[in-house]
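Every read-out reported here was derived from the displayed coordinates using simple, explicitly stated rules and does not represent laboratory data. As the structure is a computational prediction, the values presented were derived from the model and not from experiment. Methodologically, a virtual Cβ is constructed for each residue, glycine included, from the backbone with ideal geometry; neighbour enumeration extends over all protein chains shown.
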Amino acid sequence: MAAPQNWQKSSFSGGADGNNCLELASTPTTLHLRESDTPATVLTTTPTPLIHLLDAIRAQAL
């Protein structure tokens, strides 16, 4: 499966480290994540596992 071409950078990708950021692209059923400095490496997931990961990260930050 080919990754989509509609990559978007994180809103936190500003300043001096603007070229080292997380990029996200989506299709109707999957999410694709990559680092801007290694665009050939793409992590593909669905929304549910990513939501669980983000919830766990937020819970640890409290």
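Which order do peptides 24-32, 52-60 fall in by mean Cβ count within 10 Å, highest first?
Details: 24-32: 13.2, 52-60: 9.3.
Listed from highest to lowest mean packing, they are 24-32, 52-60.
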**Study point:** Phi to ³J(HN,Hα) by Karplus 6.51 cos²θ - 1.76 cosθ + 1.60 over region 48-57, Hz, x for Gly, Pro
**Key:** 4, x, 5, 4, 4, 4, 5, 4, 5, 5
Check your understanding: Ordered by residue, what ³J(HN,Hα) values in Hz, to whole numbers, does region 20-36 give under the Karplus form 6.51 cos²θ - 1.76 cosθ + 1.60, where θ = phi - 60° and Gly and Pro are x?
Key -> 10, 8, 8, 10, 10, 9, 9, 10, x, 10, 9, 10, 10, 10, 8, 8, 5
Practice item. Kindly state, to the nearest 0.05, the FRET efficiency for Thr30 paired with Asp55, given R0 = 25 Å and r defined as their beta-carbon distance. Key: 0.85
